[in-house]
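A.B. asks: Dropping the structure in here first, questions after.
The values are calculated or read from the model by the stated rules, or taken from the named source; none is laboratory data. Here the structure is a predicted model, which is why all the values come from computation and not from measurement. Cβ coordinates were reconstructed from backbone atoms using ideal geometry, including for glycine residues, and neighbour counts include every protein chain displayed.
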Amino acid sequence: MTAKEREEILDTALSAGTMLLQCGAETRRAEETVVMIAGHYGLDIRKSSFSLTNGLMVSYYDEESNTNLTEIRSVPIGDTRLDLLIMVNQLSRDIVDGKYTVPEARKKLEEIGKVRPYHFALRTLGCFIAVALFSMMFGGNWKDMLAAGVSGALTYAVAVLLSGRIPGLIVNMAGGVVMALSSFIAVLLIPGAELSVPIVFIGAVMPLVPGVAFANGVRDIGYGDFLSGMVRLLNAILTFTALAAGAGLVYGFFKLAGVEIPVSLNLTYAPAFPFGVLAAAFATVGFSMLYHVSWRHMPFIGVTGAVCWLVFLVFNAKMGLGPAAFFASVGLAFCSFLFSRVKRCPMTVFLVPGIIPIVPGCTLFFSVFDLLRGNYHDAAVLAAQSIIICGAIVLGTALVSVIPGRFFALFSPKNKAEEKKGR
């Protein structure tokens, strides 16, 4: 093997790993993919590869030529593309099966990178539906749902249009401004409509909630990668802070103008069945459109979100918030793991949208929002609830991750075919 061939192999493996990180994969998956592709083509880098949330590094020492080859890639944060994640994951499987040479694999990666995302209008429509249904899950009426849907769609549209042009924290702050402004205007323009601003906020904030960062942060911590996990969770917390800061600016402006709008959070939940569960199913499907998930995976995503929310409601009524979040995350991770085997795609595809119903987005947002308004007691209570939920989700997903993969492999179509053939 020549030096040029080794460089091409490492470059191909790193390109696949870089695309995975940009699409929203966890660091462990990106590193395993790089090692697997390089190993298939003859380079053993199992002990000399390293992955972070925003970077990849590999090194290979050739004993014959006594040379060392090292490559480092900086990975900028991009738009979450779970459709590309599925394609790169399948490509890595095909490479290991011997279907592609190195030049063919490089060409295939380039083709995957050119796949067009869902149209902006379609994503915005999905956002409207998802946000409206999410407000319904927390007890909102049809007026709350309509106001939340419009506010959430506007917030998402502004965030998409500004993304890449200004820093991310400023984008999130602008999103908080748009969310609060549209919600307050809806209350003022519809007197007597009994709109609940907190319920509208709960739904409208979800499009900008860093569900990918939160889900992957939880999984990284569960796998023992504390550095990457804490970085992702810190990113999520900073996002909530920026959103709350933007909303706080609008609230302060209205207060100075003599307009007092009640925004205290008092969470209630819709009935467990059928409306709450159905709303959770369609809401997770709507949010999956923001991540560009293919249509054939959406029914499974809907089931995952519905199971997660149903388990949460049942255990919350009997045992409280912490146990409810724990068992809901167990059900979520179990469904995600099972469907990933059935559809032969990464678990992240189902886990990221499915975790939306129990992500403590509203409690984190309102804890920062109350802190900015000087309501320190309410802020402390909500922050404590957020910590409890986060810890329960980490424990629940970590528990499922240690279950032997052989059990889930029984549901794999490939294994079923092999078993049938053996008979």
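A.B. asks: Could you list, in sequence order, all residues of the stretch 28-56 that are within 19 Å of residue 109 (Cα to Cα) and not charged (D, E, K, R)?
C.D. replies: 30, 33, 34, 35, 36, 37, 38, 39, 40, 41, 55, 56
A.B. asks: Working only within the stretch 299-316, note down all residues that are in contact (Cβ under 8 Å) with a residue 40 or more places away in the chain and over 17 Å from residue 130 (Cα atoms).
C.D. replies: Across the stretch 299-316, the qualifying residues are 312, 313, 314, 316.
Yes/no per residue for (1) in a helix (DSSP H, G or I); (2) in contact with a Ser or Thr (Cβ under 7 Å, 6 or more places away or on another chain):
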{"site": "107", "(1), (2)": "yes, no"}
{"site": "140", "(1), (2)": "no, yes"}
{"site": "150", "(1), (2)": "yes, yes"}
{"site": "154", "(1), (2)": "yes, yes"}
{"site": "157", "(1), (2)": "yes, yes"}
{"site": "161", "(1), (2)": "yes, no"}
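A.B. asks: What are the pairs with Cβ atoms under 9 angstrom where one residue, in the stretch 43-54, is under 19 Å from residue 25 (Cα atoms) and in the same structural domain as residue 18 (by TED's automatic domain parsing) and the other, located anywhere, is part of a strand (DSSP E or B) and β-branched (Val, Ile, Thr)? Sequence gap at least six, or different chains.
C.D. replies: 49/58; 50/58
A.B. asks: From the set of residues in the stretch 99-147 that are in the same structural domain as residue 298 (by TED's automatic domain parsing) and of a type in the set (S, T, N, Q), which is modelled with the lowest pLDDT?
C.D. replies: 141
A.B. asks: Here is a check on your reading of the model: is residue 43 crowded, with 17+ Cβ neighbours inside 10 Å and touching a strand residue (DSSP E or B) at 6+ places or on another chain (Cβ under 7 Å)?
C.D. replies: yes
Condition check ((1) under 17 Å from the mean Cα position of the chain (by Cα); (2) buried (at least 21 other Cβ atoms within 10 Å of the Cβ); (3) farther than 30 Å from residue 248 by Cβ) across all residues:
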site: 310; (1), (2), (3): no, no, yes
site: 361; (1), (2), (3): yes, yes, no
site: 376; (1), (2), (3): no, no, no
site: 381; (1), (2), (3): no, no, no
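A.B. asks: Across the stretch 164-181, which residue is farthest from residue 203 (Cα to Cα) among those that are of a type outside the set (A, V, I, L, M, F, W, C) and in a helix (DSSP H, G or I)?
C.D. replies: Step by step, filter the stretch 164-181, then rank; the result is 168.
A.B. asks: Taking the stretch 15-69, which residues are in contact with a Phe, Trp or Tyr (Cβ under 6 Å, 6 or more places away or on another chain) and under 18 Å from residue 85 (Cβ atoms)?
C.D. replies: Matches in the stretch 15-69: 28 only.
A.B. asks: Could you run through the stretch 1-26 and say how many residues are within 17 Å of residue 63 (Cβ to Cβ) and outside any helix (DSSP H, G or I)?
C.D. replies: Result for the stretch 1-26: 2.
A.B. asks: A follow-up question, please. List the helices (runs of 4 or more DSSP H) that sit entirely inside the stretch 308-389 and contain at least 2 residues that are out of contact with any Ser or Thr (no Cβ under 9 Å at 6 or more places or on another chain).
C.D. replies: By residue number, 321-343, 361-373.
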